[in-house]
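S.K.: Supplied in structure tokens, the structure appears directly below.
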Amino acid sequence: MGYIIRDAIAQDMDQVLDLIQELATFENEPDAVEVTTEDLIREGFGNNPLFHCFVAEVDQQIVGIALVYFRFSTWKGRSLHLEDLIVKESMRGTGLGRALYTEVLKYGQSKGVRRVEWVVLDWNKNAIDFYEKSGAKLLKDWYLVQMDQEGVNTFIANL
């Protein structure tokens, strides 16, 4: 299979958003995506981009992405967070996911991070098996904590 992995450009964001929507559907949350193409372009490109995106391309079609951003750990220092690694369903099992994953780890290494981190759903056995085989550690004694916009607004309103 002939594919290339490259840095995303703003013009890729329509196809990137299509893959984000495909992931949401895979994760049984088809109506959860609120981000728009315009959001992705505004936040990912320009003078102070909030994320970096790699795309995997086959025949000039984007069939996979890995979206990352930097974080700071009070224990480790600079770290890289892998927000999403998405491979189009028809391309799973072709090595494309591994190629994107490798690109993310090489990017983190080149930027001098002390840790690369991400989350995985507990039912995504294929991904969990892949990550464990690669040497990643699953931290099963931690909870992922989030507060959505409505929760933030309610909290602030009740101060």
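The values are calculated or read from the model by the stated rules, or taken from the named source; none is laboratory data. Please read these numbers as outputs of a predicted model, since none were measured by experiment. Because the Cβ atoms are built from the backbone with ideal geometry, glycine has one as well, and the counts that use them run over all protein chains shown.
S.K.: Does I9 qualify as being surrounded by 15 or more Cβ atoms within 10 Å (Cβ to Cβ) and among the β-branched types (V, I, T)?
M.R.: No: the conditions fail for I9.
S.K.: Could you please give the count of residues in region 11-70 that are assigned to a loop (DSSP other than H, G, I, E, B) and either within 16 Å of the chain's Cα centre (by Cα) or not small (G, A, S) (or both)?
M.R.: Total satisfying the criteria: 18.
S.K.: How about region 108-159: which of its residues are surrounded by 11 or more Cβ atoms within 10 Å (Cβ to Cβ), among the small types (G, A, S) and either at pLDDT 95 or above or under 22 Å from F51 (Cα atoms) (or both)?
M.R.: Those that are surrounded by 11 or more Cβ atoms within 10 Å (Cβ to Cβ), among the small types (G, A, S) and either at pLDDT 95 or above or under 22 Å from F51 (Cα atoms) (or both): G108, S134, A136.
S.K.: Can you name every residue in region 65-86 that is within 21 Å of L40 (Cβ to Cβ) and without any contact (Cβ under 8 Å) to a residue 60 or more places away in the chain?
M.R.: Result: I65, A66, L67, V68, Y69, F70, R71, L80, H81, L82, E83, L85.
S.K.: Okay, next question. Any residue in region 125-137 that is among the hydrophobic types (A, V, I, L, M, F, W, C), touching a strand residue (DSSP E or B) at 6+ places or on another chain (Cβ under 6 Å), more than 25 Å from T25 (Cβ to Cβ) and not in a helix (DSSP H, G or I)?
M.R.: no
S.K.: Please work out which residue is nearest to D7 (Cα to Cα), limiting yourself to region 87-134 and to residues that are touching a residue at least 24 places away in the same chain (Cβ under 8 Å) and aromatic (F, W, Y).
M.R.: Checking each candidate, the answer is Y107.
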